[in-house]
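A.B. asks: Pasting a structure below so you can have a look.
The values are calculated or read from the model by the stated rules, or taken from the named source; none is laboratory data. Fair warning: this is a prediction, and the values are worked out from it, not measured in the lab. Cβ placement follows ideal geometry from the backbone for every residue including glycine, while neighbour counts extend to all protein chains displayed.
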Amino acid sequence: MKKFLLRIGLLCILVCGVFAVLTVIDITFVGSQYQYSYNASLIDKMERLKNTRSPKIILVGNSNLAFGIDSEMLEDAMGMPVVNMGYLGSLGNAFHEEMIRGNLGTGDLVVLAHTTYADDDKISSVPGAWITLDCHKELLGIMRPKDWGTIFVGYPNYLRNAFLLSITGKGNKDTYDSYSRTAFNSYGDVVRRVESSQMNPEEYFSKEKELMPEINETCINRLNELNQYVEACGGKMVIAAYPIAYGEYTSFTAEDIDQFQKQLETGVDCDIISEYTDYLYPYGYFYDQMFHLTEDGAYFRTEQLIVDLKEYVGSFER
């Protein structure tokens, strides 16, 4: 037994040593290679979140928010500063939710808009997580201790790719498309929509069937814990709908969406401020993929969100 424990201890020391050496190589010789990537937009989003006074509106979710909100329009209508934390769906719901911890103040309104409420409470994309973290230590706090075991295995592969970008001079290049850090405005909205990336909606949705959003206990329990945290910080958390492509190729009905909302309402402790059926949009409002809106689509979605938020805020004043 002692020999077994000794071997385990030596293995742990070896693994830690290897990662320590790789980290030194990363920081000293490779450095950040993704400064202009879509992922790097999180640096700016976190900076705005930390530096924006309370009370503020914080939008939390995936790229349905990044490509689907006019934050300045929302800010003007609500009279509160807005921070759009809409980010990258491949990292999973839990990652998006963790962004706001430690950055809330009294009176903050957290508006959460997931596109599904079923997940395994894990980081979905290990490569995406490493590209996001890159060499930015200020982002490390987003990762939960339970996540590190999942993403550590991807570190050597990330470092190899970053090293190749470094020695070939291909790192830190701006793509000047919608998936670049420079495509975002100061609020955290994507404002660069390249015409050549505009999809043919009929062709796209005839092949890419939008599925019904799902709900599981893992996600609901985590959201209820997050709601308690937000309230303990002096804020409020609400759930808003996401843009749903709806037309002849959609695999569900408006009644199905209504039933989904009723099920969600029975599970979460926070208020749902939207009628999801108000967010059923024709295919022409979608930009390059599911959940990503055109400029017109973002305008109408923001307009509806303003109606929902004003009704919610007004309910406390009556």
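A.B. asks: So in the stretch 72-87, with the set limited to residues that are touching an Asp or Glu at 6+ places or on another chain (Cβ under 9 Å) and buried (at least 24 other Cβ atoms within 10 Å of the Cβ), which one is nearest to Ser125 (Cα to Cα)?
C.D. replies: Gly86
A.B. asks: Of the residues that make up the stretch 35-48, is at least one in contact with a Gly (Cβ under 7 Å, 6 or more places away or on another chain) and either part of a strand (DSSP E or B) or not assigned by TED's automatic domain parsing to the domain that holds Pro243 (or both)?
C.D. replies: no
A.B. asks: Identify, by number, the condition in (1) assigned to a loop (DSSP other than H, G, I, E, B); (2) under 14 Å from the mean Cα position of the chain (by Cα); (3) within 18 Å of Ala162 (Cα to Cα) that Gly86 doesn't meet.
C.D. replies: So Gly86 meets the others, but not (3).
A.B. asks: Another one. Determine, yes or no, whether Gln228 is surrounded by fewer than 16 Cβ atoms within 10 Å (Cβ to Cβ), in contact with a strand residue (DSSP E or B) (Cβ under 6 Å, 6 or more places away or on another chain) and farther than 15 Å from Ala113 by Cβ. Reasoning before the result, please.
C.D. replies: Numbers: surrounded by fewer than 16 Cβ atoms within 10 Å (Cβ to Cβ): yes; in contact with a strand residue (DSSP E or B) (Cβ under 6 Å, 6 or more places away or on another chain): no; farther than 15 Å from Ala113 by Cβ: yes.
No, not satisfied.
A.B. asks: Among what's in the stretch 101-160 and is out of contact with any Ser or Thr (no Cβ under 8 Å at 6 or more places or on another chain) and of a type in the set (Asp, Glu), pick the residue that is surrounded by the fewest Cβ atoms within 10 Å (Cβ to Cβ).
C.D. replies: Once the filter is applied, the top-ranked residue is Glu138.
A.B. asks: Those residues that are under 14 Å from Leu309 (Cβ atoms) and not in a loop (DSSP other than H, G, I, E, B), I need them from the stretch 49-59; list them, please.
C.D. replies: Let us first name the residues in the stretch 49-59 that are under 14 Å from Leu309 (Cβ atoms), namely 55-59.
Passing the criteria: Ile57, Ile58, Leu59.
A.B. asks: Specify which of the listed residues (Gly297, Gly267) is among the small types (Gly, Ala, Ser), assigned by TED's automatic domain parsing to the domain that holds Gly247, surrounded by fewer than 18 Cβ atoms within 10 Å (Cβ to Cβ) and touching a residue at least 40 places away in the same chain (Cβ under 8 Å). Explain how you work it out, then say what you get.
C.D. replies: Values: Gly297 fails: surrounded by fewer than 18 Cβ atoms within 10 Å (Cβ to Cβ).
The conditions single out Gly267.
A.B. asks: Tell me the helices (runs of 4 or more DSSP H) entirely within the stretch 136-240 that contain at least 2 residues that are among the charged types (D, E, K, R).
C.D. replies: The helices (runs of 4 or more DSSP H) meeting that bar are 145-152, 201-207, 217-232.
A.B. asks: Now, a different point. What number of residues within the stretch 126-181 satisfy the criterion of being among the hydrophobic types (A, V, I, L, M, F, W, C) and under 18 Å from Gly92 (Cβ atoms)?
C.D. replies: 13
A.B. asks: Scan the stretch 274-318 residue by residue and report those that are among the polar types (S, T, N, Q), assigned to a helix (DSSP H, G or I) and out of contact with any Asp or Glu (no Cβ under 8 Å at 6 or more places or on another chain). Give the derivation first.
C.D. replies: Going residue by residue through the stretch 274-318, those that are among the polar types (S, T, N, Q) are 274, 277, 289, 294, 302, 304, 315.
Restricting the remaining residues to those that are assigned to a helix (DSSP H, G or I) gives 277, 302, 304, 315.
Across the stretch 274-318, the qualifying residue is only Ser315.
A.B. asks: For the stretch 139-161, indicate whether the set of residues that are in contact with a Leu (Cβ under 8 Å, 6 or more places away or on another chain), of a type outside the set (Lys, Arg) and under 17 Å from Ser37 (Cα atoms) is non-empty.
C.D. replies: yes
A.B. asks: Can you pull out every residue in the stretch 49-77 that is within 15 Å of the chain's Cα centre (by Cα) and either outside the structural domain of Leu104 (by TED's automatic domain parsing) or of a type in the set (A, V, I, L, M) (or both)?
C.D. replies: Initially, the stretch 49-77 is screened for residues within 15 Å of the chain's Cα centre (by Cα), giving 49, 58-69.
The answer is Leu49, Ile58, Leu59, Val60, Leu65, Ala66, Ile69.
A.B. asks: Which number in (1) modelled with pLDDT under 95; (2) surrounded by 21 or more Cβ atoms within 10 Å (Cβ to Cβ) marks the one condition that Asn64 misses?
C.D. replies: Every condition holds for Asn64 apart from (1).
A.B. asks: For the stretch 180-198, does any single residue satisfy the condition of being among the aromatic types (Phe, Trp, Tyr) and out of contact with any helix residue (DSSP H, G or I) (no Cβ under 9 Å at 6 or more places or on another chain)? Spell out the reasoning first.
C.D. replies: Step one: filter the stretch 180-198 for residues among the aromatic types (Phe, Trp, Tyr), giving 184, 187.
Filter again for out of contact with any helix residue (DSSP H, G or I) (no Cβ under 9 Å at 6 or more places or on another chain), leaving none.
For the stretch 180-198, residues among the aromatic types (Phe, Trp, Tyr) and out of contact with any helix residue (DSSP H, G or I) (no Cβ under 9 Å at 6 or more places or on another chain): absent.
A.B. asks: Among the residues of the stretch 188-200, is any in contact (Cβ under 8 Å) with a residue 60 or more places away in the chain, surrounded by 14 or more Cβ atoms within 10 Å (Cβ to Cβ) and of a type in the set (Asp, Glu)? It would help to see each step written out before you state the result.
C.D. replies: To start, the set of residues in the stretch 188-200 that are in contact (Cβ under 8 Å) with a residue 60 or more places away in the chain comprises 188-190, 193, 197-199.
Those still in the list that are surrounded by 14 or more Cβ atoms within 10 Å (Cβ to Cβ) too: 188-190, 193, 197, 199.
Still in the running and of a type in the set (Asp, Glu): 189.
So far as the stretch 188-200 goes, yes, one or more of its residues are in contact (Cβ under 8 Å) with a residue 60 or more places away in the chain, surrounded by 14 or more Cβ atoms within 10 Å (Cβ to Cβ) and of a type in the set (Asp, Glu).
A.B. asks: Let me ask something else about it. Are there any pairs, at least 6 apart or on different chains, whose C-beta atoms fall under 7 Å, with the first in the stretch 113-124 and free of Cβ contacts under 8 Å to residues at least 60 places away in the same chain and the second in a loop (DSSP other than H, G, I, E, B), and if so, which?
C.D. replies: Lys122/Gly92; Ile123/Gly92; Ser124/Gly92
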